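To keep things clear, I will list the structure first and then write my remarks on it.
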Amino acid sequence: MENTTPAISSNAVQPIQPYKRKLVGVRRVMAKKKIEGHCTAVTVDNWTVVGFTSQMNRFKVGDLVVFMEIDSFIPRVDRYWELWSSMNDVFNGEIGLRVRSREVSGTYSQGMIFPLADFPEIVLHHQNRIQKIGKDEATRELLCFSFADSLGIKKWEYPTHVRPVTGIIGELSPLIQRPGNYRIQDIGNSVFNTHAAKNRIYQVTEKLDGVTMHVYKVSNQSPDLLTYFPALKPTTGSIPIPPTMQTPRGRVGVCNRKHEFFDDGKNIYWETAKTSGILDKIHKIPYRNIAIQGELVGSHIQGNTMQYPEGKHEFVVFGIWDMDARNYLATKSVELLCKTLDIAHVPVLGYGPVTKYGKSVEEILAYADKLGPGKYGGVKEGLIFRANDDWKKGFKVISNRWLKMTRK
């Protein structure tokens, strides 16, 4: 029997707000420690940055600093002239520096820090807000802002596909939540506060090194929703609409994190959807308008760190988004549905409070480092914690061992 959650009307639709990583922000120095090799490790929140002691002496505990996370791409502009000699990376035709994880004397360094005074526009903004709302409130506000766009910092994107992606017909519908999780280093303080640590139950799964993929259905009984999806038309020529996309029950679509695709016979997302059997099985899930979300993994994805056999790809599910309820189905319900319908689901390590896996950020990172090989022999990337009571409270734990071995 189909779930009877009433379909939302077009008048009520508001775009789902996507997760957005705070790539560059103001952080506070929490600790300093000298390590071997004339280096010093500086801790900002739960991140550690290592540099020569002569440079790190510019910072003291309690200072506000500008922190750039790993995967920040710093452009070769005058502001960052001191880094020019290290700028050997190219991203979208631009020369710059990609901030990487690195190991220094046994300590993982992840990110770069700069004196706040090097960014007078941020200092001026902070001073103006202090005059209006007071120092404490202005500082709390400042620590929440992302400055990546204003400072010209972009997120380094890995070449995710060996094959070109064909058949783009439009952007991902605003009715579909874009999945995403903060790293444990960014939200560790809230994760390990007393109430959350003792009472919040998580589904803990392996994190797969793939790319986000959605397979959705919209019922013919919900025609208003279709105005929020790209028009069904081929990108070239006059190819008829294939029956995979328009069924007697309604529309079916396949998307990645940003775009929806036409089934042109060459698109790797559609190919994988067909071989997985999900296009038939989605109609057996008793909800009217849903998006099945998961990872596209395989030999041609993300440099094949998972070591799939050549030519093999899979769609592995981690969640189901209910467009009518505007929420995710419960994690255990999704796991049971996948098991019943023989749909590939991300490996579940267990359920429980975060303290089952570690009592601090350091302990939970150490747990991730001990995960061992995946089913094809590749090193496991890490863990995903999905909160049973609120999908927004999830987080990811990336193994430092994996980062070191894959150079990501």
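Nothing in this text is a laboratory measurement; each read-out follows from the coordinates by a stated rule. In this text the structure is predicted, and so the values were computed from the model without any measurement. No Cβ is skipped: glycine too gets one built from the backbone with ideal geometry, and neighbour counts run over all protein chains shown.
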- Task: With the convex hull built on the Cα atoms of the stretch 356-404, state its orientation-averaged projected area in nm².
- Result: 4.1
- Note on the structure: Everything considered on the Cα gyration tensor (a ≥ b ≥ c; rounded for a/c under 1.5, else prolate if a/b is larger than b/c, else oblate), the stretch 121-248 must be described as prolate
- Among the aspartates and glutamates, which fall within straight-line cross-link reach of residue 60, defined as a Cα-Cα distance under 18 Å, with same-chain neighbours fewer than 8 residues apart omitted? 45, 118
- Task: Starting from the Cα gyration tensor of the stretch 273-319, take the square roots of the eigenvalues, sort them a ≥ b ≥ c, and report rounded, prolate or oblate (rounded when a/c is under 1.5, otherwise prolate if a/b is larger than b/c, else oblate).
- Result: prolate
- Note on the structure: Whole-Hz Karplus couplings 3J(HN,Hα) for the stretch 109-118, θ = phi - 60° and coefficients 6.51, -1.76, 1.60, Gly and Pro as x, run 9, 9, x, 9, 10, 9, x, 4, 5, 6
- Return an integer: the convex hull volume of the alpha-carbon atoms of the stretch 276-369, in Å³ per residue. 137
- Restricting the stretch 309-343 to GluC sites (Glu not before Pro) in coil, as DSSP defines it, with at most 13 other Cβ within 10 Å: 310
- In terms of the alpha carbon gyration tensor, root eigenvalues a ≥ b ≥ c, rounded if a/c is under 1.5 and otherwise prolate when a/b exceeds b/c or oblate, the stretch 184-326 is oblate
- Query: What order do you get for 353-362, 299-308, 28-37 when each peptide is scored by the mean count of other beta carbon atoms within 10 Å, highest first?
  - Reply: 299-308, 353-362, 28-37
- What is the magnitude of the charge dipole of the stretch 148-223 about its Cα centre, with +1 placed on the Cβ of each Lys and Arg, -1 on the Cβ of each Asp and Glu, and no other charges, expressed in debye to the nearest 20? 180
- Query: What's the center-to-center distance, using Cα atoms, between the stretch 147-204 and the stretch 352-397 in Å?
  - Reply: 15
- Task: Return the ratio Rg/(2.2 N^0.38 Å) for the stretch 24-152, where Rg is computed over Cα atoms only.
- Result: 1.09
- Take peptides 242-251, 386-395 and line them up by average Cβ neighbours within 10 Å, highest first, as a rough protection proxy. 386-395, 242-251
- Plugging the Kirkwood radius over Cα pairs into Stokes-Einstein for the chain, at a temperature of 4 °C and a viscosity of 1.567 mPa s, what D comes out in µm²/s? 56
- Task: For the chain, with a Gaussian network of springs between Cα atoms less than 10 Å apart, report the residue from 383, 365, 97 with the top mean-square fluctuation.
- Result: 97
- Item | Student exercise, the chain dipole from Lys, Arg, Asp, Glu Cβ charges, in Debye to nearest 20 | 680
- Here, chymotrypsin sites (Phe, Trp or Tyr not before Pro) of the stretch 251-300 satisfying both criteria (DSSP loop; at most 16 other Cβ within 10 Å) are none
